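Novice: Before I ask anything, here is the structure I am working with.
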């Protein structure tokens, strides 16, 4: 049976963990150490790059996501295909034929 007290206690623990503040210092080299618990919870490894945004209320650090921008040529290059080139019309017809065969 579900107990509301257990649920509320779990919510309180989660809220405390989510809103807990930690303190760090700026070094003489301009470096800030992010606490280990924070790095671990976000799975940030050494070498993780961050985007820094200056805000009215402080500084926001956001991990840089994704790799380099992909071009159409780099995406096409990863698809193995050894046949002759197909026109858009031929591709549309092949997709339509496959769709009809699956009905």
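Since every read-out is calculated from the coordinates, none of them should be taken as a lab result. Fair warning: this is a prediction, and the values are worked out from it, not measured in the lab. Here the Cβ positions follow ideal geometry from the backbone for every residue, glycine too, while neighbour counts run over all protein chains shown.
Novice: Put a dot 7 Å past each Cα toward the Cβ at residue 85 and residue 102; how far apart are the dots in nm?
Specialist: With each label point 7 Å from Cα toward Cβ, the separation is 2.8 nm.
Novice: Still on this model: Starting from 0.36 nm per residue, how many nanometres of slack lie between residue 27 and residue 95 once their C-alpha separation is accounted for?
Specialist: Working: separation 68, 0.36 × 68 = 24.48 nm, distance 6.00 nm.
Gain on stretching residue 27 to residue 95: 18.5 nm.
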